[in-house]
Each structure stands twice: as structure tokens, then as C-alpha cells.
Amino acid sequence: MSNIQLWAHASVAEVRGDAHLEEISILCSDTNKIERVPATSMFIFIGALPRTQWLGNLVERDERGFLLTGPDLVSDGKHPKGWALDRDPFLLETNVPGIFAVGDVRHGSVKRVASGVGEGSVAVQFIHQYLSKV
């Protein structure tokens with residue numbers, strides 16, 4: 001289709017518009033230049049890989065690399081290895097107390113931007129609960 005373009009080595013640097021999307025700024029990593037293009041809509045696809053390798057062995061992951069949180073960490077009523085608290089991990093909390101994961105990186109997530117944003121706002125409440133006890 002003539003109205004679809006595939007840009008390799010590119011990422012969205014900025015979006016602009018007053019009442020709706022009007023322009024997207026695209027950073028081309030091979031040239032390190034930003035190109036602005038007119039746009040009225042944008043489809044976001046971040047991929048199917050969680051890219052959590054940078055965490056090393058700090059946070060527990062499933063076999064595909066997605067972070068385990070909340071109930072996914074409790075097996076047969078047992079807390080995750082090294083869990084020292086008397087409570088179960090909060091819904092979005094990893095096996096490290098006080099570290100929370102939201103959005104596509106989380107095991108069992110629904111892979112939608114709105115879900116990630118919503119989970120982020122919920123995580124803030126859990127962070128407040130966590131901080132009130134430390």
C-alpha cells in the first residue's frame with residue numbers, strides 16, 4: 001500500500017499535535033537524524049520479546065524472559081526463594097520486595113498500551129503500601 005512505510009533502524013522520538021496527532025518525529029539510528037512526518041494515527045508494536053536480560057538473575061522470569069509478579073510467584077502456598085516478608089508479593093511486585101513490573105514485560109500481560117498504563121497507576125498504590133512499611 002502506498003500509505004504504509006516500513007522504516008528499519010528507526011524509533012519514535014516525539015509525537016506532536018494540539019487536539020489530535022499531527023506529526024511524528026522519527027530518529028533514524030543509522031544516520032542519527034530526526035525526520036518529521038505528518039500523521040493522523042499511529043500503530044505501536046513493541047515486539048513479542050520482553051528484553052529483560054539486563055536484569056541478570058535479580059528478578060525471576062519465566063522461560064521466555066517475562067517477569068513473574070504477584071500470584072505467579074507463589075507456588076503451592078510457598079513464597080519465592082529469598083522472600084523474607086510475612087506477606088505474599090503484591091499483585092505487580094516481583095520476587096524482590098519493592099520492585100514492581102507493569103506492562104508487556106510482565107508474564108501474563110495482555111500486551112496493550114492501555115493495560116500497561118493502567119497497571120502503572122495501580123503499581124503506584126502498591127509502591128505507597130510498600131514504602132509505608134519500610
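The values are calculated or read from the model by the stated rules, or taken from the named source; none is laboratory data. The model shown is predicted, which means the values in this text are computed figures rather than measured ones. Neighbour counts run over all protein chains shown; Cβ positions are idealised from the backbone, glycine included. Only protein heavy atoms, including side chains, enter the accessible area calculation; ligands, DNA and RNA are left aside. Shrake-Rupley method; radii C 1.70, N 1.55, O 1.52, S 1.80 Å.
For region 64-72, state whether one or more residues are at pLDDT 90 or above, open to solvent by 100 Å² or more (accessible area, probe 1.4 Å) and not in a loop (DSSP other than H, G, I, E, B).
Going through region 64-72, the residues at pLDDT 90 or above turn out to be 64-72.
Now restrict to residues that are open to solvent by 100 Å² or more (accessible area, probe 1.4 Å): 64.
Then drop every residue that is not not in a loop (DSSP other than H, G, I, E, B), which leaves none.
No.
Determine which member of the set Lys33, Lys111 is in contact with a helix residue (DSSP H, G or I) (Cβ under 8 Å, 6 or more places away or on another chain), open to solvent by 70 Å² or more (accessible area, probe 1.4 Å) and not hydrophobic (A, V, I, L, M, F, W, C). Before you say what the answer is, go through the steps one by one.
Working: Lys33 fails: in contact with a helix residue (DSSP H, G or I) (Cβ under 8 Å, 6 or more places away or on another chain).
Among Lys33, Lys111, only Lys111 is in contact with a helix residue (DSSP H, G or I) (Cβ under 8 Å, 6 or more places away or on another chain), open to solvent by 70 Å² or more (accessible area, probe 1.4 Å) and not hydrophobic (A, V, I, L, M, F, W, C).
Here is a yes/no grid of residues against (1) under 25 Å from the mean Cα position of the chain (by Cα); (2) assigned to a loop (DSSP other than H, G, I, E, B); (3) among the polar types (S, T, N, Q):
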position	(1), (2), (3)
Ser2	no, yes, yes
Ile26	yes, no, no
Asp30	no, yes, no
Val37	no, no, no
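State all residues of region 73-105 that are under 17 Å from Ala48 (Cβ atoms) and modelled with pLDDT under 95; if no residue qualifies, say none. Working first, answer last.
Step one: of region 73-105, the residues under 17 Å from Ala48 (Cβ atoms) are 101, 103-105.
Across region 73-105, the qualifying residues are Gly103, Asp104, Val105.
So Val12 fits all but one of (1) in contact with a Lys or Arg (Cβ under 9 Å, 6 or more places away or on another chain); (2) part of a strand (DSSP E or B); (3) of a type outside the set (Ser, Thr, Tyr); (4) within 20 Å of Arg112 (Cα to Cα); what number is the exception?
The one condition Val12 does not meet is (1).
I want to confirm something. Restricting to region 1-28 and keeping residues that are loosely packed, with under 10 Cβ neighbours inside 10 Å and more than 18 Å from Phe45 (Cβ to Cβ), which single residue is modelled with the lowest pLDDT?
The extreme case among them is Ser2.
Restricting region 100-134 to residues that are of a type outside the set (Lys, Arg) and in contact with an Asp or Glu (Cβ under 7 Å, 6 or more places away or on another chain), which is nearest to Phe66 (Cα to Cα)?
In this case the residue turns out to be His107.
If I go through region 86-108 residue by residue, how many of them are part of a loop (DSSP other than H, G, I, E, B) and open to solvent by less than 70 Å² (accessible area, probe 1.4 Å)? I'd like the intermediate steps shown before the answer.
Going through region 86-108, the residues part of a loop (DSSP other than H, G, I, E, B) turn out to be 86-92, 94-99, 101-102, 107-108.
From what's left, open to solvent by less than 70 Å² (accessible area, probe 1.4 Å): 87, 89-90, 92, 94-99, 101-102, 107-108.
Adding up the residues that qualify gives 14.
In a loop (DSSP other than H, G, I, E, B), in contact with a Gly (Cβ under 6 Å, 6 or more places away or on another chain) and closer than 30 Å to Leu6 by Cβ: does that describe Pro50? Break it down stepwise before answering.
On the way: in a loop (DSSP other than H, G, I, E, B): yes; in contact with a Gly (Cβ under 6 Å, 6 or more places away or on another chain): yes; closer than 30 Å to Leu6 by Cβ: yes.
When the stated conditions are applied, Pro50 passes them.
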